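First comes the structure, then the notes that go with it.
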């Protein structure tokens, strides 16, 4: 059940024990989001501090999961916030604007709440997320789009931001980004007892973030978006990862990759396939493996994304030429 965790005086502090509760928690803390694939025994927590009227810092811990900002949530709840996440532990990936950036400890990633994105975590993770409005950054039109889901190169701005973040609540012990160097003795331990931040503090932090993003944009050459082969690989990977979720489908896969449904269908058509047919085969192959291990038919159906056992049985027999029950040892 979602509930406060106690401790100091965070603006928001939540512990959860299910993917549905986590969807509610991260939507309250950041922007409306959907939580897809997650283990059955799931747990997560977050603590958030408001550093100013429009600047928030959130410490996040969670088990393996997939979190998405979809076109529907964008339409229903628009936002122009920019999010910078420090990966403190664990691995995963950010997908936005047809690109994919890997999460690993010490890496800083940027994503834009005004466009669809997906965060995928392979196992337990810890992150520190800084959230601020786009209008507070000195970025020209299109520059933020060019920065999302890309590795940010080492720079003086990056080192300055690392030093500043190390003094904020939740900031102590953050792994240093590649090339950023280490904080001096005395830095990285937080500021005991400091509860309030002045307007000057907030302005300085926003300036450092802005400088980081602008510097990163000008220091890096923009790689090309994914080609067709990589998009097809990522689409298949995403469909397989979400096969236990009944909501997974071609439309969702296209939205996560920020491509049209028609383009996604054309990618599969080159191999005489379709996203829906591919997902159906993967679901039924997964169900077959579960049945051979002794899983009950209803359990295998649910674990493969089917809500209706009869529909599952019919699809299974068409695919494998035998009823699900006949495969159980």
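Expressed in units of 2.2 N^0.38 Å, where N is the residue count, the Cα radius of gyration of the stretch 228-327 is 1.11. Taken as Cα centroids, the stretch 90-126 and the stretch 294-327 sit 34 Å apart, rounded to the nearest whole angstrom. Which FRET efficiency, nearest 0.05, do residue 323 and residue 24 yield, Cβ-Cβ r, R0 30 Å? FRET efficiency, residue 323 to residue 24: 0.15. Gain on full extension, evaluated as 0.36 nm per residue between residue 262 and residue 114 minus their Cα-Cα distance, stands at 51.0 nm. Annotation for residue 271 and residue 77: the two label points, set 7 Å from Cα along the Cα-Cβ direction, are 3.5 nm apart. With a Förster radius of 22 Å applied to the C-beta separation of residue 40 and residue 104, the computed FRET efficiency comes to 0.25.
Estimated at 0.36 nm per residue, the fully extended path between residue 247 and residue 17 surpasses their Cα-Cα distance by 80.7 nm.
Throughout, read-outs are computed from the coordinates displayed, never taken from laboratory work. Quantities reported herein were computed from a predicted structural model and do not represent experimental measurements. Neighbour counts run over all protein chains shown; Cβ positions are idealised from the backbone, glycine included.
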